[in-house]
Structures are given as C-alpha cells and as structure tokens.
Amino acid sequence: MTVNLMHTEQETEQKPKNDIERIIWSHKSEVGPIFVIFAGVHGNETAGLEACEHIAAALEARKDEIQGSVYMIRGNKKAIQEEVRYIDFDLNRIWNNLDSGANELSESAEWEEAHELKELINHIIGRYSDDMKEIYFIDLHTTSAKSCAFIPFNDTLENRRIALRFPVPQILGIEESIHGTLLSYINDLGYPAIGFEAGSHTDPLSVERTEAFLWIYLDFVSIVNLEIKKLRQLEEKLRPEAKIPIKYYEINHHYLVEDPELFRMKKGYVNFDSVRKGGFLAYDKNQRIEAPVSGFIFMPLYQKKGNDGFFILKGRSPFWLEMSSIFRDSFINNYLHYLPGVEELEPGTYTVNLTIARFFVKEVFHLLGYRVIRKDENKLICYKRV
C-alpha cells in the first residue's frame, strides 16, 4: 500500500471542495515547527474539513509569512464521500489493532485508510525528527449533540500545557475510556496531540470555532503572528456560555452501547448539562437507563452509528493537577510494586488486583502519571504516560 506523498514534498495549491485527495493543503518550510491537522476522521463531521479549506486559502495568500510547516490531512476519505461516520469500523477506534492482523479489520475500508494515514504520519515524523523540530498534531471533530467547544486529550504534561492556551473546557484522560484513538497512537509515539470538538455536526458555529482554534494554535507555536486584538476576538468565539465553567473534567462513567439501532438517548441533552444519580438518561434495548452517578453529561449519542452511548464527567481541581505534575516523576514510582495487589509487568506497566487494592487506586496512579485501563471486573492495567 502506497500513499501519494507528492503533496507533502512541496507547497501545493488549495484543492477544490469535491476533491478527495488525502492532503487538503500543505506548506513546507526549513524553519519553525511542524503543524499536522487531521479532519474528517469521522466522515460525517465536516466542520473541520471546511475550516481547513478556509485557513488553507488564507495561508496560501501569505505563504511568505509562515514560519513553519503545515499539513492538513483528510481522515476517512471513503466515509467523507459517503457522508457517514464510517464504512465498516470507526476509524478512531482501531489504532491499537493496526499490527494485529485481525481478519475482520484487515478486510475493512477503515483498515486501508488507517494504514495510509500511518504511512503518512511516519513520513512526516521521519522527515523532521533528525532536525529535532517540534511536531504538533491536532484531530478535529464535532458531536451529534448540541455543544460548546471543548478539548479532549491524553493527560500528558505537554498536552496540558497546550490545551491550557484555549478558553474551553478540558477533558482529561479520555484514552482510558475510548480505546484505539488516533490521538493515543500519536501520543504513544512521543508527540503532543490534542483533539478539538467544535460543537454539533450541523451548527455553523462549529466551523467558526474550528477556524478560531486553529488560528490561535498557529499563533501559539509561532507559525503565524497575530495581533493581540485579533487573538482576543478569536478567543471570544471559543468561550462557552457562562453556565459552563472553563475547567478540567475527567470521565467518571462511560455507558457502552452494543447496538446503536436499539439505543435512544433522551432528547434535549447538551454537553455539560448537570445530571443527578438516578436520573433518566436513555433507553437501551427497551430497558430504562439511569445515571449511576451525578455529574455532567458528555457526548450523548444522537446518531445511529457509534458505541459510546454517553459519558458522565466530574470536575477535577487545579490543585490535584498541580500535585500530579509534581509527583509524576517522583521516587515513589520506584516502590509501586511493593503496594498490596500491585504487580510490575515491565518497567512502567503494572497490574492491580482490585480484590486486594480497593481504595483510591486510580487516584494514586493518576497522581503519578499513569494511564489506568480496566482489564476486567477485578483487574486494572496501569501504563506510564509518555
């Protein structure tokens, strides 16, 4: 399988809207950082694609001012053409299986898409890694529910530093609940990668917010230089309404759906709406689904593709985040295997037996910078984040 990388080797003209080449637009520079944008990883989420086309046209007109390299990349080309979330499998859920050779996946449309993207990612990294240049990755999305803009990211210190630049809610450690994402794959390669969720699929504001996010980010990494007044205007486009606090959140509950055709979310939920324990949320296979905990509803499923029914968030204090930054590389990491129920599999990876270690397990490992994945009812696997 070979990806046409010609457009990554030279400055290219903006493509027509109906063109389905992998590269939307690119610009190569010998100086400055590298900025890589993925749009349309879900084919029915077109706001990112439209925003990239607008920004590509603006950057093309000011190429002499660009202090870095920019790559705008289409995600699931086949799904974009069909205007659906995915063809066979969710392209943003299979990145942890790319080397498995699983027959069902290997015969899918998304398998080919993922391997083309993987080849392109490796090409970009390989081109610049010897120069010790900074490479930043962004994945653009929208939601099926009405929403303000927010940033989901794997909880690395560099991702935190970047996400903090934007006046929107921050969702920590989403990789613990949603597995096989493009962001996790790139983070595991050792590069910063954050997502941007602009709002609902059909809201015109989603395009405007995505453009604002990308311009602010381009200025943040000094690829372009914007005036302070312009930056403040862009920030205002991103800010949520006053009832939604701009703070850190993490996932407290994840409801998985086996068959999205049989799942019906209660109408009217908006991201960050408050929910109380016991409150009615949805029907699944004609069974009433109630909130198991209180918190904030997040990404309720209002489409017939996808297995994430809804999430419930809880707030995370800035103090806890500051403490985790301090303890992340502390000496305590050297003694974790002495804790009851904790076994070291290899450096940086532990299993935790929950029948023995019952209290504050996730909190302790999060404090020390670990990704915590539930293996089964009684076992956690904890990986040191990059």
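The values are calculated or read from the model by the stated rules, or taken from the named source; none is laboratory data. Model, not experiment: these values are computed from the prediction. Calculation scope for accessible area: heavy atoms of the full protein, side chains included, ligands and nucleic acids excluded. Shrake-Rupley method; radii C 1.70, N 1.55, O 1.52, S 1.80 Å.
Under 18 Å of direct C-alpha separation, and excluding same-chain neighbours fewer than eight residues apart, K118 reaches these lysines: K77, K78.
Listed by chain and number, the aspartates and glutamates whose C-alpha is less than 13 Å from the C-alpha of K133, apart from same-chain residues fewer than 8 away, are E30.
For a straight C-alpha distance cut-off of 24 angstrom, the lysines reachable from K266 (same-chain residues fewer than eight places away being disregarded) are K146, K243, K277, K285, K304, K305, K314.
Over region 266-347, the Kirkwood radius and the radius of gyration, each from Cα atoms, give a ratio Rg/Rh of 1.17.
Full extension from T202 to W320: what is 0.36 nm times the residue separation minus their Cα-Cα distance, to one decimal in nm?
Residue separation times 0.36 nm, minus the Cα-Cα distance, leaves 38.8 nm.
I need the shape label for region 132-208. Rule: rounded when a/c is under 1.5, else prolate if a/b > b/c, else oblate, with a, b, c from the alpha carbon gyration tensor. Judged from the Cα gyration tensor, region 132-208 comes out prolate (a/c at least 1.5, a/b above b/c).
Across region 75-159, Cα pairs under 8 Å and at least six residues apart give a relative contact order of 22 percent.
Counting only protein heavy atoms and a 1.4 Å probe, tell me what percentage of region 35-120's accessible area is made up of carbon and sulfur. Walk me through the numbers on the way to the answer.
Numbers: 1250 of 3210 Å².
Result for region 35-120: 39 percent of the exposed heavy-atom area is carbon or sulfur.
Helix 47-60 axis versus longest C-alpha principal axis of the chain: approximately 40°, rounded to the nearest ten.
Excluding ligands, DNA and RNA, the accessible surface per residue across the chain is 47 Å² with a 1.4 Å probe.
Overall, the accessible surface of region 125-258 at a probe of 1.4 angstrom is composed of carbon and sulfur to the extent of 51 percent. Adding -39500 (n - 2.57) for every DSSP H run of four residues or longer, then dividing by how many residues the chain holds, sets the calculated 222 nm ellipticity at -8000 deg cm²/dmol. Here region 270-356 has 56 percent of its accessible surface on carbon and sulfur atoms, given a 1.4 Å probe and all protein chains in place.
Between 0 and 90 degrees, the angle of helix 204-220 with respect to the longest Cα principal axis of the chain falls at about 80 degrees.
With Rh defined as the Kirkwood radius, the inverse of the mean 1/r over Cα pairs, the Rg/Rh of region 101-172 is 1.06. The angle between the Cα long axis of helix 109-128 and the longest principal axis of the Cα atoms of the chain comes to about 70 degrees, rounded to the nearest 10.
Computed from backbone phi, the HN-Hα couplings of region 305-313 come to 10, x, 10, 8, x, 5, 10, 10, 9 Hz, rounded to whole numbers (Karplus: 6.51 cos²θ - 1.76 cosθ + 1.60, θ = phi - 60°; Gly and Pro given as x). For region 322-331, backbone phi angles converted through the Karplus equation (6.51, -1.76, 1.60; θ = phi - 60°) give residue-by-residue couplings of 5, 5, 5, 5, 6, 8, 4, 10, 7, 5 Hz, Gly and Pro being listed as x.
Remark: relative contact order (the chain) = 13 percent; criterion is Cα-Cα distance under 8 angstrom and separation of 6 or more residues.
Close amide H contacts of I135 (hydrogens built in the peptide plane, cut-off under 5 Å, sequence separation of 5 or more or a different chain): I34. With the convex hull drawn over the C-alpha atoms of the chain, the volume per residue is 153 Å³. Stretching T355 away from L231 to a fully extended chain increases their span by 39.5 nm, per 0.36 nm per residue minus the current alpha-carbon distance. Close amide H partners of D88, meaning residues 5 or more places away or on another chain with modelled amide H under 5 Å apart, are A109, E110. Using only Cα coordinates, the Kirkwood hydrodynamic radius of region 35-191 works out to 16.7 Å.
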